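Novice: Got a structure for you, questions after.
The values are calculated or read from the model by the stated rules, or taken from the named source; none is laboratory data. These numbers come from a predicted model, not from an experiment. Ideal geometry is used to build each Cβ from the backbone, glycine not excepted, and the neighbour counts take in all protein chains shown. What goes into the accessible areas is simple: the full protein's heavy atoms, side chains included, and nothing from ligands, DNA or RNA. Shrake-Rupley method; radii C 1.70, N 1.55, O 1.52, S 1.80 Å.
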Amino acid sequence: MVTDGEKTAGVDPSVLVVTVGTAVPPLMSDELAGVPVQVINLPREDREQWEDQLARELAARSHGPSVVWAWDPKAATELARAIKRFDDVLAVSTRQAALGVVAALRAGRSVASMVYPRLATADKALSQAGLDQARFSDGSARLELIEGPAPAWLTITTEGARVSTDGLTPLELAAMAERAQSATQPAGAAERAQGADQPTGAAERAKPAVQAGRPVAGAAGVAEPAQGAAQTGPSAAEATQLARPAQPTGAAGTIQGAAEAGRPGRLLIGSANYAGQGRAWAEAVNRHVPGFRAVNLQLRTFTAQVFDADVLMRVEEFASPVARVDLALELVAPASHILLEDMRAPVGLNDLREPDIVPRFGRLEAEQFLASGRRVACLVHGTAGREPAGHRSLEPWSPYREPESDFYQARERAVNMLRESLDGLDAPLFVATPDMLEYFDQAHWLPIVARPDDFAPAPPWEPGRRLKVAHAPSSDIMKGSEFVDPALRRLEESGLIEYTSVRGVPPLAVPRLLRQVDVVVDQVVLGNPATLLIQTMAAGRLAVANVSPTTRRRFPEPLPVVQADPSTIAEAIADIAADPQAYQALVQAGPGFARRFHDGRLSAEVLNRHFLSSGVAR
């Protein structure tokens with residue numbers, strides 16, 4: 001078996017072409033890159049027998065690593081099922097792909113390493129950003145393979161992970177064996193060998209050639225703070241006061257890294273990354289907590305937006321046991337601290353073939369992480385933990401106004417599920433917006449982080465022209481768009497404003513959008529200050545939203561946001577349009593407020609004080 005960590009001289013693979021009803025494909029040479037081509041011709045009838053026939057032909061004709069090209073696409077499904085019986089057969093869909101795989105096998109790559117390329121962590125992102133940081137994973141995590149059935153298919157251990165081979169396909173087992181072997185080599189050897197075999201990005205280029213291949217996630221670099229940024233902000237004691245106002249404030253102090261006196265700390269944040277905040281909090285820790293390195297993981301569902309993430313994995317990729325073992329070895333095993341977002345399970349330990357990330361399985365993973373000696377904390381973003389009944393009692397315009405609706409009942413079930421998963425867990429709890437302290441009174445507020453691009457200077461307001469107003473909801477129902485859109489369209493029709501209703505804008509384009517308008521209406525029904533509101537303040541634009549008096553009082557200084565709810569939104573925008581200069585003080589206060597509370601320094605301080613300073617247990 002050829003392993004990623006063990007370079008070989010390579011081999012000439014067997015090359016087979018699958019046809020249906022014809023012995024020789026038109027325009028097909030009898031050689032491919034100098035390797036003789038064998039043809040497997042399937043009969044047009046008896047399709048239900050194709051899979052077994054292909055398996056017999058492959059067993060008889062392939063000798064060592066084999067490349068199989070389904071020249072007739074009608075046979076692709078049966079071929080995909082047949083090759084699961086082998087650990088050295090790789091299916092391709094084009095002649096060019098076949099040439100690439102033959103070249104890779106000759107260079108010493110194994111079939112398993114091409115079908116299941118190693119997961120990429122944030123190391124490349126950190127190096128691209130020019131940060132002098134240690135790697136997140138040092139390659140020391142150990143993978144132990146256990147033959148036969150076991151209580152769990154995957155178990156997180158103190159030193160790495162343990163996998164039961166029961167139920168694995170031959171190719172999955174080969175991939176696991178390569179990882180187990182490379183884990184016994186000196187730290188970094190596997191990575192160096194793999195790098196010698198395959199240049200950066202080659203796995204992505206080869207992906208269409210590989211049946212069930214998995215792309216390597218990329219990540220954008222960590223940006224530096226905006227030039228000229230003020231370096232003052234609330235202290236750790238003030239951050240505590242925001243969460244629990246009864247406590248006294250204290251003097252600001254330099255963050256002391258929890259791991260400075262011992263082994264380095266590693267923080268994994270996952271796996272929701274809503275509004276890109278998982279990545280933003282990881283960046284904040286990397287910049288402001290000495291002795292710690294942090295990465296984030298986003299598991300992308302079919303409807304989730306894509307934000308910057310250190311590791312981005314689609315749910316269909318997550319279904320692969322090999323992919324989840326990679327997550328365990330490269331993200332969980334190196335971590336001394338794990339921050340679970342909305343109790344989403346980051347590894348899918350519950351089932352070999354049908355992994356689920358719901359909170360009850362997140363709770364099981366949290367308990368396993370704790371048992372393995374890792375520190376665990378939980379974070380509730382907002383919608384996942386906002387109780388519909390409680391919100392109705394606090395907010396007259398709550399989107400949860402109809403208890404009999406399917407929407408209300410679905411949200412109630414989801415919130416109850418999350419709360420049950422948190423109940424009794426011995427772990428710190430954080431919330432992303434201060435209004436959530438109404439529902440989790442023992443939680444700590446972890447401020448949302450505005451990215452450096454959000455603070456880029458915006459052009460000044462232009463007097464004498466119509467006011468430009470935008471509404472860019474991430475969710476129409478949660479932002480109250482049913483009230484905002486008609487109110488602002490009427491104002492536009494009257495000639496008072498120029499209105500832009502924005503849907504589907506890529507997250508990275510939001511800062512540029514904000515600089516093209518004067519006023520941004522965020523939400524008018526929730527009562528909370530969330531990501532778009534903070535980005536608006538950072539950009540030096542006037543923010544309009546419904547922020548409850550209780551939430552405003554949690555800040556030690558006035559929140560520079562114009563108050564509006566569905567009954568007052570039209571009047572508020574009309575007043576701004578009539579006298580924009582009267583609101584300039586709020587506009588000018590926005591960037592400073594956003595920098596003091598949301599540039600990452602306070603967030604890093606809160607994480608360090610309430611979680612990371614608990615030390616490195618293992």
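Novice: Using amide H atoms built 1.01 Å from N in the peptide plane, name the residues 5+ places from Arg266, or on other chains, whose amide H lies under 5 Å from its own.
Specialist: For Arg266, whose amide H was placed from the backbone, the distant partners under 5 Å are Arg293, Ser336, His337.
Novice: Which of the aspartates and glutamates could a cross-linker bridge to Lys84, judged by Cα under 13 Å and excluding same-chain residues fewer than eight apart?
Specialist: Correct list for Lys84: Glu51, Asp52, Glu172.
Novice: Roughly what would the spin-label model give for Arg85 and Thr301, points 7 Å off Cα along C-beta, in nm?
Specialist: Between Arg85 and Thr301, the simple spin-label model gives 3.9 nm.
Novice: Then there's this: With r as the distance between the Cβ atoms of Ala410 and Arg142 and R0 = 41 Å, compute the FRET efficiency 1/(1 + (r/R0)^6) and round to 0.05.
Specialist: Approximately 0.45, to the nearest 0.05.
Novice: Taking a 1.4 Å probe, which of Leu508, Leu491 shows the most accessible area, and what order do the others take after it?
Specialist: Leu508, Leu491
Novice: Under the Karplus relation 6.51 cos²θ - 1.76 cosθ + 1.60, θ = phi - 60°, what is the ordered set of whole-Hz ³J(HN,Hα) values for the range 566-575, x standing for Gly and Pro?
Specialist: For the range 566-575, the Karplus-derived couplings read x, 7, 10, 4, 5, 5, 4, 5, 5, 5 Hz, x marking Gly and Pro.
Novice: So how far apart, in nm, are the two label points at Val315 and Asp485 if each is 7 Å from Cα heading toward Cβ?
Specialist: Here the answer is 2.5 nm between the modelled labels.
Novice: Near the amide H of Arg314, under 5 Å away, which other amide H atoms are found, from residues 5 or more places off or on another chain, if H is placed in the peptide plane?
Specialist: Result for Arg314 returns Arg300.
Novice: Short version: ³J(HN,Hα) in whole Hz for each residue of the range 469-486, in order, from phi by Karplus 6.51 cos²θ - 1.76 cosθ + 1.60 (θ = phi - 60°), x for Gly and Pro, what are they?
Specialist: 10, 10, 10, 10, x, 7, 8, 4, 6, 7, 9, x, 4, 4, 9, 5, 4, x
Novice: Say the dipole of the range 463-618 comes from +1 at the beta carbon of Lys and Arg and -1 at that of Asp and Glu; which of Tyr583, Ser603, Pro463 then lies farthest toward its positive end?
Specialist: Of the options given, the answer is Ser603.
Novice: Assuming R0 = 56 Å, can you tell me the calculated FRET efficiency for the pair Arg95 and Glu571, based on Cβ-Cβ distance, to the nearest 0.05?
Specialist: 0.25
Novice: Highest first, please rank the peptides 473-484, 516-527 by the mean number of other Cβ atoms sitting within 10 Å of their residues.
Specialist: 516-527, 473-484
Novice: Another one. Please compute the Kirkwood hydrodynamic radius over the range 489-561, one decimal place, Å, based on all pairs of different Cα atoms.
Specialist: Result for the range 489-561 stands at 13.5 Å.
Novice: If amide H atoms are built 1.01 Å from N in the plane of the peptide, which residues on other chains or at least 5 residues away come under 5 Å of the amide H of Phe86?
Specialist: Hits under the 5 Å cutoff: Leu171.
Novice: Residue-wise, which Karplus ³J(HN,Hα) couplings in Hz belong to the range 448-459, taking 6.51 cos²θ - 1.76 cosθ + 1.60, θ = phi - 60°, and x for glycine or proline?
Specialist: 4, 10, 7, 6, x, 4, 5, 8, 4, x, 9, x
Novice: Once the Cβ-Cβ distance between Glu462 and Gln563 is put in as r, and R0 is 30 Å, what FRET efficiency do you end up with, to the nearest 0.05?
Specialist: E between Glu462 and Gln563, to the nearest 0.05, is 0.75.
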